[in-house]
Amino acid sequence: MRLSLKALNYFLKAVEHGSLASAAKELNVVPSAVSAAIDQVEEEFDLKLLIRYPSRGIQPTATGQRLLGKIKRLIEEYESLLIEGGDLKSALTGTLRVGYYAPVAPAFMPTIVAPLLKENKGVSFKFVECNNETAQLGLLSGEFDVILFVAENVKPGISYETLLQPKAYVLTSATSDLASQAVVSMQNLKNEPLVLLDLPVIGEYYNSLFEAAGIEPNIVATASTTEMVRSLVGAGIGSSILNMKPLNEVSYAGSSLIAVPIEPEVKSLKLVLGYVDEKLRRLVQAFVDECRQYFGSSKAREIVVEA
């Protein structure tokens, strides 16, 4: 049998009061509960720790006296832990670790966290860009407090809420024939050179679009970052299919880019916010609230393409 902290606390109170009745009164339990706790402690250690006098209460033995200090320190550490845990849950302080699988997160993340940093001097953020699998594993292992990711193959134990479900669009250079069109269809891409993101989940997503359209894509280049895709597209190497967009229409290389809606609409991706516990500490909850506010506002429409 392993000792509970409750039994050790009852034992400690009995010694401090020198009386089962007085200890029971403070603990708001019956004296027999305190007596049973003492029996449990002595049974676990297989030692005589207290002497019980019929008229003079109780007194620790020499062995009991030696253990008493350690038991007291253990109870104090436990109480300190509860206090610190309560402070951690209620205080808007500390570092929030955010894992994200959202290539255009730099377009919206500063807007979300700026108010939290401005109004709370004890807050800091750690952002880690990762793939969908790594983000989820990091959340479950405790590496991240919260994650932004695509709602595909969500792992058990992760709670999530949808932030955005952006429609797919075609990104092309300003000099492309597609740039002058109000909308394009998947069939318009049948012979178009394509530059695509090469990332987990996204690859499967592209395949589903091409399969549904019944076309064999002409992929001339792939890249693992959105900005490389945008720069390649801007250079006229080909067009791409993306879901969210930065707030500017210029690539890193300085080329002009045009976002053209796809009609009829095709399958979209779902950007979600993930966490592991409904009882979120205050800093996590504050970040979640800021995300909800941003994606529920007109600002979020700036990173999607509408027909």
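Taken together, the values in this text are just the output of simple stated rules run on the coordinates, not laboratory data. Since the model is a prediction, treat every value here as computed from it, not as a measurement. As a convention, Cβ positions derive from the backbone with ideal geometry for all residues, glycine included, and neighbour counts pool all protein chains shown.
Some notes on this structure:
- Spin-label pair residue 77/residue 268, simplified geometry with 7 Å Cα→Cβ offset, distance in nm: 5.3 nm
- The ratio of the alpha-carbon radius of gyration of the stretch 194-261 to the globular-protein estimate 2.2 N^0.38 Å is 1.09.
- Extension gain, residue 127 to residue 181, is 15.7 nm, computed as 0.36 nm per intervening residue step minus the present C-alpha separation.
- Working note: Debye formula, equal point scatterers on the alpha-carbon atoms of the chain, no solvent; log10 I(q)/I(0) at q = 0.08, 0.10, 0.15 Å⁻¹ is -0.55, -0.68, -1.11.
- From its DSSP helices (H runs of at least four residues, each -39,500 (n - 2.57)), the chain gives a residue-normalised ellipticity at 222 nm of -13000 deg cm²/dmol.
- With semi-axes defined as the square roots of five times the eigenvalues of the C-alpha gyration tensor, the equivalent ellipsoid of the stretch 137-252 measures 29, 16, 13 Å, largest first.
- Only lysines eight or more places from residue 48 in sequence, or on another chain, were considered; those with a Cα closer than 21 Å are 6, 13, 70, 72.
- Virtual spin-label span in nm between residue 141 and residue 216, 7 Å along Cα→Cβ: 4.1 nm
- Across the stretch 169-261, the relative contact order, built from alpha-carbon pairs under 8 Å that are at least six residues apart, equals 47 percent.
- Overall dimensions of the stretch 232-307 as given by Cα atoms, namely Rg and Dmax in Å: 16.7, 50
- Segments 136-149, 291-304 sorted - mean Cβ within 10 Å per residue, highest first: 136-149, 291-304
- With Cα atoms, 0 to 90° folded angle of helix 282-295 axis to the chain main axis: 20 degrees
- Residue among 248, 195, 40 farthest towards the positive dipole end of the chain, charges placed on Cβ: 40
- Rounded to the nearest 10 degrees, the inclination of helix 31-45 to the longest alpha-carbon principal axis of the chain is 80 degrees.
- Extension gain, residue 247 back to residue 118 (0.36 nm per residue minus Cα-Cα distance, nm): 44.2 nm
- Computed from the Cβ-Cβ distance with R0 of 45 Å, the FRET efficiency linking residue 28 to residue 285 stands at 0.85.
- Environment charge at residue 307 (Cβ cut-off 10 Å; Lys +1, Arg +1, Asp -1, Glu -1): -2
- Extension gain, residue 208 to residue 6, is 66.9 nm, computed as 0.36 nm per intervening residue step minus the present C-alpha separation.
- Helix 62-90 and the long axis of the chain differ in direction by around 30°, with both axes built from C-alpha atoms.
- Anchor residue 167: aspartates and glutamates whose Cα lies under 17 Å away (excluding residues fewer than 8 positions away in-chain): 152, 204, 263, 265, 302, 306
- Percent antiparallel among DSSP beta bridges (both partners in the chain, rounded to 5): 55 percent
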